[in-house]
1. When residues of region 192-210 are filtered for being within 12 Å of the ligand (Cβ to nearest atom) and acidic (Asp, Glu), how many remain?
2. Consider region 125-147. How many of its residues are in contact with a helix residue (DSSP H, G or I) (Cβ under 8 Å, 6 or more places away or on another chain) and either in a loop (DSSP other than H, G, I, E, B) or surrounded by fewer than 16 Cβ atoms within 10 Å (Cβ to Cβ) (or both)?
3. So, in region 48-79, exactly how many residues are among the hydrophobic types (A, V, I, L, M, F, W, C) and touching a residue at least 60 places away in the same chain (Cβ under 8 Å)?
4. If you scan region 19-36, which residues turn out to be more than 8 Å from the ligand (Cβ to nearest atom), crowded, with 23+ Cβ neighbours inside 10 Å and farther than 12 Å from Ser67 by Cβ?
5. Specify which of the listed residues (Lys51, Lys98, Lys150) is in a loop (DSSP other than H, G, I, E, B) and modelled with pLDDT of 95 or more.
6. Can you name every residue in region 38-61 that is more than 11 Å from the ligand (Cβ to nearest atom) and either basic (Lys, Arg) or buried (at least 20 other Cβ atoms within 10 Å of the Cβ) (or both)?
7. Residues of region 117-142 being more than 15 Å from the ligand (Cβ to nearest atom) and more than 18 Å from Leu38 (Cα to Cα), which ones?
Amino acid sequence: MNKFQNLIHKKNKSKIVCLTAYSKNIASILDKHCDIILVGDSLGSVLYNFKSTRDVSLDMMIAHAKSVRMGIKNSLMIVDMPFNTYRNCTEALQNAKKIISTTKCDAVKLEGGIKIISIIRHLIKNKIHVQGHLGLLPQSEKGKFRVKGKKIFEKIKILNDAKLLEKAGVFSIVLECVETSLAKKISQELKIPTIGIGASSHCDGQVLVTDDLIGLNQINAKFVKKYANITKQINSAIIRFKNEVKNKKFPSKKNSY
Ligand code: KIV
């Protein structure tokens with residue numbers, strides 16, 4: 001069984017664990033615990049303070065993904081294709097190949113359903129492994145972010161998109177901010193795993209932005225649970241260092257040559 005079949009095999013057996021990483025050190029910690037490590041274009045807002053993921057470039061994704069690659073031995077590594085890098089089949093294939101050849105990642109993730117289905121089909125036909133992304137699509141979102149699939153027309157569209165993506169050959173789909181009953185229906189009707197973020201426990205796996213869950217990125221979204229307060233821990237380490245420098249306790253003889 002290859003990595004992708006192995007992941008699909010987990011459906012209805014074992015929940016899939018996915019987190020984001022933007023650099024080697026975090027990736028090497030996650031690698032011991034995650035099925036999937038995603039180099040998400042969320043790095044635009046988390047690391048660069050961009051208002052939108054639309055400002056993230058291909059070069060930025062490649063630079064961070066190269067660093068992440070060095071920290072991964074086991075997990076499946078997926079890299080987001082940033083905005084305006086998959087506007088047509090030729091552009092998408094050229095950029096996907098560039099991401100995979102330069103970063104050695106396993107797969108790419110693209111946002112959208114029917115609108116980009118011919119592009120996704122083209123990538124898969126050319127042996128690129130693709131993860132889908134439905135529901136809230138940050139690269140297309142103009143207004144305030146909101147839950148998707150509450151309205152009946154949206155429910156039907158997202159469900160149809162999910163079926164289209166599966167038929168096209170994606171190996172899994174991220175469902176972002178999707179209403180609970182819809183996430184459940186999609187997860188039940190598809191054979192490939194759904195990975196939820198703000199999309200209920202009915203998904204086959206869960207993904208969060210690591211910086212959010214460890215309390216490094218200050219975010220107050222309902223779907224984020226904070227499992228640590230790393231900011232506080234970094235702060236107290238820095239205060240101790242500062243005090244020891246001021247009081248000439250650091251470096252001691254032990255730290256000197
Ligand atoms: O960019 C990202 O980190 C993502 C996840 C939130 C799914 O797409």
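1. Going through region 192-210 one residue at a time, the tally reaches 0.
2. 5
3. Here is the first cut: in region 48-79, the residues among the hydrophobic types (A, V, I, L, M, F, W, C) are 50, 56, 58, 60-63, 65, 68, 70, 72, 76-79.
Next, from what is left, pick out any that are touching a residue at least 60 places away in the same chain (Cβ under 8 Å): 76.
Of the residues in that region, 1 qualify.
4. Once the filter is applied, which keeps residues that are more than 8 Å from the ligand (Cβ to nearest atom), crowded, with 23+ Cβ neighbours inside 10 Å and farther than 12 Å from Ser67 by Cβ, region 19-36 yields Leu19, Cys34, Ile36.
5. Lys150
6. Residues satisfying the conditions are Lys51, Arg54.
7. Ile117, Ser118, Ile119, Ile120, Arg121, His122, Leu123, Ile124, Lys125, Asn126, Lys127, Lys142
Yes/no per residue for (1) in contact with a strand residue (DSSP E or B) (Cβ under 7 Å, 6 or more places away or on another chain); (2) on the phi > 0 side of the Ramachandran plot; (3) touching a residue at least 40 places away in the same chain (Cβ under 8 Å); (4) not assigned by TED's automatic domain parsing to the domain that holds Ala199:
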| position | (1), (2), (3), (4) |
| --- | --- |
| Ser118 | no, no, no, no |
| Arg121 | no, no, yes, no |
| Ile128 | yes, no, no, no |
| Gln131 | yes, no, yes, no |
| Arg146 | no, no, no, no |
| Leu159 | no, no, no, no |
| Lys163 | no, no, no, no |
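The values are calculated or read from the model by the stated rules, or taken from the named source; none is laboratory data. Note that the coordinates shown come from a computational prediction; the quantities given were computed from them, not determined experimentally. Cβ sites come from the backbone with ideal geometry, for glycine too, and all protein chains shown count toward neighbours.
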